[in-house]
Every structure is written in structure tokens, then in C-alpha cells.
There are 2 protein chains.
Amino acid sequence: MNETLSPGILSLLPLFYVGWSDSVLSPSEMKLIHSKIKSYDFLSEEEKSYLLKWSDPLNPPSEVEFKHWAQSIKKASNEFSESERHSLIDLGIEIAKNNSNNTISDSTKHAIEDLHQALGLNNESQNLLFDKLFPGLKTKQKSQKDYDPNVIKSLLDSGYDDTKNKVRSLLKDPMFALNHEADKDIHRLRVLEQLKALAKQGLSGYAFPEKYGGMDKQGDHIAVFEMLAYGDISTAIKFGVQIGLFGGAVYMLGTEKHHVKYVEALHKTELIGCFAMTETGHGSDVKGLETTATYNHNTKEITVHSPNFAAGKEYIGNAMHSSMAAVFAQLIVDGESHGVHAVLVPIRDKNNNLLPGVKVEDCGYKLGLNGVDNGRIWFDNVKVPVDNLLNRYGHINESGAYESPISNPSKRFFTMLGALVVGRICVGLLGINASKKALAIAIKYANKRRQFQSKDGSETLIMDYPTHQRRLIPALSKTYAYYFALKDLAEKYKDATEEETREIETLAAGLKAKATWHATHTIQTCRECCGGKGYLFENQFSSLKADTDIFTTFEGDNTVLMQLVSKGLLTEFKQSFHDDGYRAVIKYLFTKVKHDAYELNPVFGRNTDIEHLLDKRFHFHAFEYRRKKTLLTLSERMRK
Amino acid sequence: MNETLSPGILSLLPLFYVGWSDSVLSPSEMKLIHSKIKSYDFLSEEEKSYLLKWSDPLNPPSEVEFKHWAQSIKKASNEFSESERHSLIDLGIEIAKNNSNNTISDSTKHAIEDLHQALGLNNESQNLLFDKLFPGLKTKQKSQKDYDPNVIKSLLDSGYDDTKNKVRSLLKDPMFALNHEADKDIHRLRVLEQLKALAKQGLSGYAFPEKYGGMDKQGDHIAVFEMLAYGDISTAIKFGVQIGLFGGAVYMLGTEKHHVKYVEALHKTELIGCFAMTETGHGSDVKGLETTATYNHNTKEITVHSPNFAAGKEYIGNAMHSSMAAVFAQLIVDGESHGVHAVLVPIRDKNNNLLPGVKVEDCGYKLGLNGVDNGRIWFDNVKVPVDNLLNRYGHINESGAYESPISNPSKRFFTMLGALVVGRICVGLLGINASKKALAIAIKYANKRRQFQSKDGSETLIMDYPTHQRRLIPALSKTYAYYFALKDLAEKYKDATEEETREIETLAAGLKAKATWHATHTIQTCRECCGGKGYLFENQFSSLKADTDIFTTFEGDNTVLMQLVSKGLLTEFKQSFHDDGYRAVIKYLFTKVKHDAYELNPVFGRNTDIEHLLDKRFHFHAFEYRRKKTLLTLSERMRK
């Protein structure tokens, strides 16, 4: 190997090796590269001369030259550590390092990338070609020592290590111990105490600004919430009701006067409140709520009223402990209805007695979450000052007229409901973390429990049965896939611009539905995989199953949410093209799908090498292919 | 139409109409029919002359004649009531009725059937031809009035109406009311009272002979058990433990001395007993039980002993209330082990105090069935007389030697376990009836609940949403399919000969697994379909879910049972042929499958007429086709 070659040139060696190998590149393609090299003014003449020689379509490298190249490549590949990922560029850089102490200049990097493109190689196909040409140089399978639990923990804690560790230590406190609590009223008091302990530890204020005693760290708020899956899930839900729903309504739908008055008190749990949206008669259909909030300009008061039994608020968490409710009602000003708005209504006095006109009924025992005090609330012409209207999106001015920054009532309604998005992300995470816990229990058990004698006389570990593996391992990988998807969405949500809102809402709806159904299924499987032991309360599947069961239907019924996702995708699909261009669109997309799945990924569906199967780009392509194809066939069928 | 024609001849009209239509029959086929008619000596000459004329291959009916036939057919079809099932024969008989007051003679019926066969028409194809030729004459869809609830009730009660009605009225008694019982000890006492009430009403003795105060009606015993799904399922399970498991062990594994002493007392619940088989260390693998029962010929006593912690009996229903246990242990006589046998061991005295050497521990709260007193039991060298050995299949004689009517220890073991078969049928039925109850609640709710305004201003019934229908209706039909399959199996079991035992065991294993998984899935779906209402204890999904959850893993873990089924099917498949004839077998079966699915059912997979889809023969063919194909491909893959 010529010692005078620059590192940039050396790093291109594997590329040319591949280019000339077999029939990867045609002479005309080589000619194209040849001419491109001539045009690069950032290359020195010496560099150019080498590259021109290497790429001369009429003078391919001699066999001896080719062998030299192969030796360099082989040598460089030996330097690779086991955990490193190969690509032609990696290999080239390794060769450059072997032959020179200089680093590669930006201009040469530019040339490398440009030539890769000219060769028509994207990263995926580079790797595949690499595998094909250098089958002996494959990365070995990762050994156990590569899995450092601290690295994985840090990856999973994803920057919220401190906050998560705080929750971890709090959950070890005896007051958070997971005991069976047969009596719901005692259970509820215990959970209320836990909620207050979270506040005392400063774990409830992350979602709010510093001027209201908070920390303005939305990501940490979500981190606290998801960690509560490992304690009594009733506490997580009560925390969600108090901070996410009631707190969210006051903060997101209210204005400064409400923030000043209530935010600090509520996250410090001095003011317990509830989120009174759902009614007996209207759950998924929030637009159809029947409770009225009628403004009287003479008294500057709003009268909150439940016109009938089914207009009563139902399943309201915190209903038995709250002194205030954020009541969602049809706002009527001067005889005209302006749609659903939230009004703060005090429901109990300081001695915890119900205020006049307010009727509350306990929802009683539930399938699970018996530590949460769900109740029903009816209002009989309860009057509150107009200031209690959470008026960020709908305001009653001094002259008694309604005004709103969003003139379209439908858009206004969906903007207000947008405050629910973070709740959906949180519920999804709660379900997924409950799944992680269930899997941890079931897999640990499967790695200890033995049943049926094998031929050598010992009993077989149940984890060694393929049936058991097939039940638990895909559930495990799906659980972490959902986890990372939800965490990614949480980050997106945190920094979202207004244009991204729609996409985030669609993603939250879809992921909430899929993740919570997955949780129901996974926890069930884990219970069954532990047989009789799984049925005992002490082994925790009982609470995990019961407490997460409602996740599939609250914060949006999963079936309805999936329809929302379909609608979102179809609308997006339709909007991207004019209607008359429809056929062209389909053709375009089919081409694109084919390109993505087959061309960029030439051995799609055939290559079963570990590297290929572990390659996230392959997964991404496969997923994109499926997404596009499904959407396309759906829209075609609907068009019919 | 000629008024002199006999009704028999008239009834053949549609057949000939079809025969001549289009190209249904070839001239040579008509010739065959023609010659057959001549040979019938039961036809009068006049009748023969008409038929010969109608079937003369050289002289097809004129167009006018054909039209006459069509008119007669059309007229006759108008007489059909909505609920009647059409076939060419039905139609012919109707024509005969229209034209004559005489009924059809047996000989003519014979001729009709014979000619149908000569025409190569089975019932299925007749109907299909009928539909094709007379598309206007289709049977209308059955109207509501055809569904008489009493007829359906009687069909479902399947001959056990009286017994089932008895249970129905008992369940209406306030002592059987479904209240929330937070405390397990109170719940257990309540369930024990219910068990005693069942005995008092004479509902516990059906499984036993009259000489022991029973009624010798196994079918009625199963009927009682399945009905208990509609009450507190804890009571059903306690009844199953006391009567089915403990009673079954004494009666099926014991001999007359045991029957005389215990059977009447146990079904009258004067003697409460438990079935102590499962151990902490060995559940599915009963053969591996570690408890020992060692015979000492000097004292003529058997010593029952748990050699270690994991050899303790676990999840034993009735453990806290029992005075006696049927303990499954390795029987050791003169130092030699003879495998698992059952021994009756008294565990409590009359004052309900534990006897020396017996240790019992409460399993505590469970995911569900908290009305059943499950516990753990250990024995520390507990001595009982040799007479306590349940000795039907394994006996210790006067000289202290072991003897058995079944010399093969493995066969003996499986014969003893055969006593569990009825338990599996019962658990399957319990799961299915729990599904029926869940579906009844969810479907009734879906037919009342409305959500989201439709275009006409009214709110849409949730049952009208296709998503809702797709979730509930297939679950409903599957539930009844499983129900009838299990009831059919129960009848088979009742009258089974020894040769049928293996098939019944395989069926029971498979149906128990499929039915209980179906129950878990269906009850979950029903809960979700009722949203928040479904989560409230008062709406019963809570108990239905929790109480039936264990069904998938007790009385045989479903995954293990399905493997037993696969093994059974493959063994049967293998046994039917010599190994060297394997290829021939596959060929044979493929031919057979093809024949069954396509030939007997000519429009398989294409015909979507209501009649065809409701035709049970079509379902049977489709099912058989699938079964055979699955078995065939499985055995082929395993052969590889």
C-alpha cells in the first residue's frame, strides 16, 4: 500500500473495492464517478490522480491491486471491536487510521458521501453489500458483557434518572408497601396519604412554572407519573386526577387569575380537586354533555345545573375528597350556547361537608383501583362568580358578552380537549410499565420454576419450553417498543409547536389505545404463565390486572381512539394530493413503497442474518412499508 | 295441469323441471332415469307412462309443457310459510297437495328418493340448484316470530329443565344474592352456607347411586354445576371441590367400604373434604408428586408425609373447612414405590381443630374466587389405617403385598387421572355460562346505550356501530358453539364405553382449554364494550373476570392440555396407517379433503346465500376440511 496516500483517499478504498467487485457497478456508472472526480476542486491533483486511476472504467484495477485492497480491508476489519457496527465508511476510516496519523478533512468527507451517492448506495445497501462481499468479516454476536445494566437503566431513565430515583426511594417507604386492602374507604385514605407524601417530596410540582412553586419540567412530571406504576396504581391515578386532570384544567384552560389563586395550592395538595367531565349519559361524546353553565349578567354569576339524572357527572376521581370541581358544561350567555367550557365549582366546605345544591354519590366498589374515590356529582342550580369560568379559550367580558380567541366553535372545543393529550401519553406509559412489572415477575419465575422430568433426569426449566418463550418474549419486546415510542412522543409533546399538535394528538390516541390493549393482554399472559402462583394476591398480577383494566376505556375509549387515528391518517393522506390526482398518487406511493422496501433493502424478506435482523433501519423500512400499504389499501377500499 | 295425476307423480315435477333445465342433466343421464322408471314395479302403468314421457331423452318437454310446470311450481311456492325450508322434494309435495287431496304413498316416496339419487343430487346440491333455478322463490329471512324463547330455553336446557329450574329458583333466594364481600373470611362462610343449601335442596346427590342417597343422574349433576355460573362462582367451585373432586376421588378411586362410609355424608355436606393433589413443586406434572404414603405391615398403617416444603399441597380448595383430605402421594409398599395413589387422611377433629402432624396455611387473598378457602397442607408422618387407601386401582392385600387390576403403572396412573375428565367438562361449561352472562349484560346495554348524534339528530345506539357488532356477535356465536360442543361431550361421557375413553379425554382437554380461553377473552371484551359502567362492581364483570381467570390454568393448564390434544391427534393419525404407507395416506387424505370440501359442497367458498351459510352441513364440511388439513400439515412439518 502506497504510504503517501491521504487518509481521505484511503478511506474510499472499500467503496471502490465494492464498486469493482462482481457486477455491482456497470462501466457506465464507473464512468459517471470518473467524471465526477474530475469536477471536485477540493481534491489535490495527486488525490485526483489516484481516484481517477481507481475509477477508470476502461482500466479496472489489476488482480494484484485488487488483492492489495482486500488485504488492507481485512487488516482494518481486525481492529474492529466486537460491539462496533460495520459499514463501508467505517471500514474506510479504519484503513485510513491504519495508514496515516492524519484525520480526514471535511472536504474529503464531502467527497466520500458524494461518491457513495453516485454509486447509488444508501447505508442499508452498503451494509448488505459489505456482508455479501466480506462474509468472513461479520461483527460477532454481542456477548453478555456488552449488556451493562447501568447503561440500560440510564437508557430507560432517558435523562430523568434523578427524578426516577427519587420515586424509587419513596416507593420503598413502608407507607407505600403493597398490602391487600379489603375495605375501599381505608384503601382510599391510604392512597390520599400517599398522594400527599408525593407532594411533600416535591414530586407534584414539575408540571407548573416556578412562579407558582413548580419546576417547569414537563418531562419530569411524566417521569414521576410513569414510575408510580410500580407502586399502588390507585395512587398513580389519583395523582393523575389531581395534578394532570384538575391541575391541567386550571392551568391549561384557566388564566393568570386562576393560576395565582389555585396552582400552588393544588400541586401541594392543599386544595383537592376533581375533573368533572364525563356524565352518565355522555362519555366518549363530550360535545353532547348536558350540564349547563348559565351566565346571569345582573349578578355576574354562573349557574351550574344538571338538568336530569343522566346529566350527572360519573366515575369522577377524587369526588369523595375534593373541595372543588372543574365542571365541564354547556356555557350559555344571553340565551346562546357557546359549547362546552369548564367552570370551577366549590363542592365542599372546610369541614368537608357538601355545599348546598351539590349531591355526591360513591361509585362503590370497582373491578380495580379501589383506592381511588370515584363518585357521581349532580348540581342543582349552583351559583358561582363569573371569575370561576376557566376563560383562556372563552371569556365573558365586562359588558356580559361572550368572546373567544378561537372563533370557530368546533376548533375551540378541540383545542380545549387538547389538554387531554398528555393524559393519554401518561396512561399509555402507566400500562406499559405495569406490563414491564408483570413480565419481570413472570420471566423471573420461568427462570426458576421447573416442571416435568427431561431425559437426563433433571426437571426442565419452564423458560426452556418453546411455548413459554413464545408467550413471553414477543410480549417483552413489544413492551419496550411501546415504551420508547411513548417516551419519544412525550419529548415531542414537550417541545411541540402548534403545527405539530394534530400529529401529536393522533399519535397519542393511537399509542394510548395500542399500548393499553397490549398491557391487558400481556399482564393476562404473565398471570397464566405463572399458573396457580399467578392467581395469589401476593404475586401482584391480581392488582396489575384489575387496576390497569380500565385503561382501555378511560381517557378515551380505545375503539373510538383508533377510529380517530384512522380518520387522522386518511385526512392527511387526502390532503397531500388533489382529488383528481388520486390515481397518480396511488401509483406514486406504490412505486415509493416498492422502492423503500425492495430496492433500498435488496434482500427484504430473505436475509435472516442476525445483523440484518437487528438493524433498526431494516425495521424502520419494514414498518414504513406496512404503514403505507395498509393506508393505501384502506383508502382504496373506502373509495370503492 | 292434468288433474288425474297422482300426488306422487306431481311431487316429482320440480325434479324433472330441474333435470331438464339448462344443462343440469345430460341426455345419457336422462336415459338412465328413463330406464330406472321402467323397472319400478310399485308404480302404476299410468304413473309410469307419465314419468317415461317426462324423462324421454329423445323427446324433451315442449316449451308450453315447461311453462306449465313452471306455473305449478310458482303457485306451490306461494303456499310456503316464511319459516319453511325449501327443497325440491318440499316443493314437489306442495304441488301434489295443491292438485290432489291424497297423501303420497311410501312406495312413491321411495321412487322420489331413488330418482334424486339417480340424478346425482344430494340435499345440498338440490338446494343450490333450487336457488339457481328459482331465484325469485327463495325462502324469506326468518322473522322474529319464529324465535319462540320457550323453544330456545328448552333446547338449551337440553332435557335437564327440571333440575335447571330448581337451581334457578334457588339462586333467587336472598342468601344467594350477589353482594360485594370485601372480607374473605365472611365471604367463605357465606359460600359454605350456600353449599349446604344446595345439599339441603337435594342438588348435590345427582352424581351418586341411589343406595348412597343419590340419584344416579350424572347429566343432572353437570346441569347443576353449569347453572351455578349464574350465582357466585365461588360457590360453583366449592361445589366442584366437594362433590366433583373430593366426592369423585372417594367414589371413583375408592371401593365399596369407602362408598358406604363416606358417599352419603359427603354429598349431604356432613363431611367436608378436600382433594389434595397439587403440590407447590408439582402442578401439571402430577407424576412427580413428592408426598409419600408408606405402608407398614406391622401396624397395618400408612404414613403420609411431606418430605420438604415444596412437597406441601397448595391451592387446595376447602382446605380451611375440611375434616378430611384425599391426599395424592407416592405409595410405597415394602420399600417399593407404586406411583401416585390417593389416601384419605383426617385433618381436623369434630371441633374443627387440626389433628397432630397436619399443618395448614391459608393461601390468602386471590385474584378472584375469594369465597373459596384455598390453603396449603403439609403432613408430618401422619398415620392412617390401610383401609383409608382408595384402593380401586391399587390394593394392599392381607399379606401386605401390593396388587392392582392394572399391571402397567403408567396405564394405572392415567386411569386414576381419568376421574378428572368430568371436572374439565364442568369447568369448560362454567366458563361458557359465565360468558353467556357477560354477553347478556353487554348486549342488553348496547341495545339501550346511545352515543354520538347521527345526521337525523337522534343519538346512535351503540349496537348499531359495526365495530361494536364485530366485537360482540362473533363472541356470542362462538359461546353457543362451545356450549353445545361441551353439552354433547357431557352426554358422550355419561354413556362412554372404555374404548371411547381416550377420545373423550382428548376432547375434554381441548374443549376445556379453548372454552376457558374464550371465556377470558369474551368477558374482557364485554367489560370494555360497557366502558366505565363495565368497571363498576355492581355490573358484575368484575367478579366474572376475576372468578373465571383461573379456569385457564387449573384442572389442567391450557397450554399443557393443548399439547395433550396435539399428541392425541397425532398418535391417532399415526396409528391409523403403517409407517411405510405414509405418502399414500397423505394422498388419500388430500383426496378425501378435496372431495368433502369441494365436491359434496360444490360452491364452497363462493356461495354467500343465507341458506347456504346457515346450512350446518356446510359448516361441518368446512370444519372437517380445516381439521384434516391442519393435522396433515402439522404431521408433515413434524416429519421433516
Using only protein heavy atoms and a 1.4 Å probe, how much accessible area in total is buried between A and B, to the nearest 100 Å²?
4100 Å²
Within the accessible area of the range B:478-550 (1.4 Å probe), percent carbon and sulfur
53 percent
Using a 1.4 Å probe on protein heavy atoms, which residues of the range A:459-479 have at least 10 Å² less accessible area in the complex than alone?
A:Glu459, A:Thr467, A:Arg471
Residue-normalised accessible area of the range B:195-237, given per residue in Å² at a 1.4 Å probe
31 Å²
Would you please classify the overall shape of the range A:222-305 from the alpha carbon gyration tensor, given that a ≥ b ≥ c denote the square roots of the eigenvalues, rounded means a/c under 1.5, and beyond that prolate means a/b larger than b/c while oblate covers the rest?
oblate
Just to be sure I understand the interface: list residues from the range B:265-287 that lose 50 Å² or more of accessible area between the chain on its own and the complete protein assembly, 1.4 Å probe.
B:Asp285
How would you classify the range B:258-345 from its alpha-carbon gyration tensor, with a ≥ b ≥ c the square roots of the eigenvalues: rounded for a/c under 1.5, else prolate if a/b is greater than b/c, otherwise oblate?
oblate
Judged on accessible area alone, 1.4 Å probe, highest first, B:Arg412, B:Arg168, A:Arg639, A:Arg626 line up as A:Arg626, A:Arg639, B:Arg168, B:Arg412
Is the range B:194-233 rounded, prolate or oblate when judged by the Cα gyration tensor, a ≥ b ≥ c being the square roots of its eigenvalues, rounded requiring a/c under 1.5 and prolate requiring a/b larger than b/c?
oblate
So what are the ³J(HN,Hα) numbers for the range B:162-179, from phi and the Karplus equation (6.51, -1.76, 1.60; θ = phi - 60°), rounded to whole Hz, Gly and Pro as x?
4, 4, 5, 4, 4, 5, 4, 5, 4, 5, 7, 5, x, 5, 9, 4, 8, 9
The range B:398-440 - percent of accessible surface contributed by carbon and sulfur, probe 1.4 Å
59 percent
Could you check how much of the accessible area of the range A:249-332 is carbon and sulfur, as a whole percent, using a 1.4 Å probe?
55 percent
Distances in nm between the label point of A:Ala310 (7 Å along Cα→Cβ) and its equivalents in the other copies, shortest first, are 5.9
Residues of the range B:337-468: accessible area per residue with a 1.4 Å probe, Å²:
43 Å²
Drop in accessible area of at least 10 Å² in the complex versus isolated chain, residues of the range B:365-388, 1.4 Å probe
B:Tyr365, B:Lys366, B:Leu367, B:Arg376
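The values are calculated or read from the model by the stated rules, or taken from the named source; none is laboratory data. Keep in mind that what you see is a predicted model, and the values were worked out from it rather than measured. Heads up, the Cβs are rebuilt from the backbone with ideal geometry, glycines too, and the neighbour counts pull from every protein chain shown. The accessibility values were calculated without ligands, DNA or RNA, using every heavy atom of the protein model including side chains. Shrake-Rupley method; radii C 1.70, N 1.55, O 1.52, S 1.80 Å.
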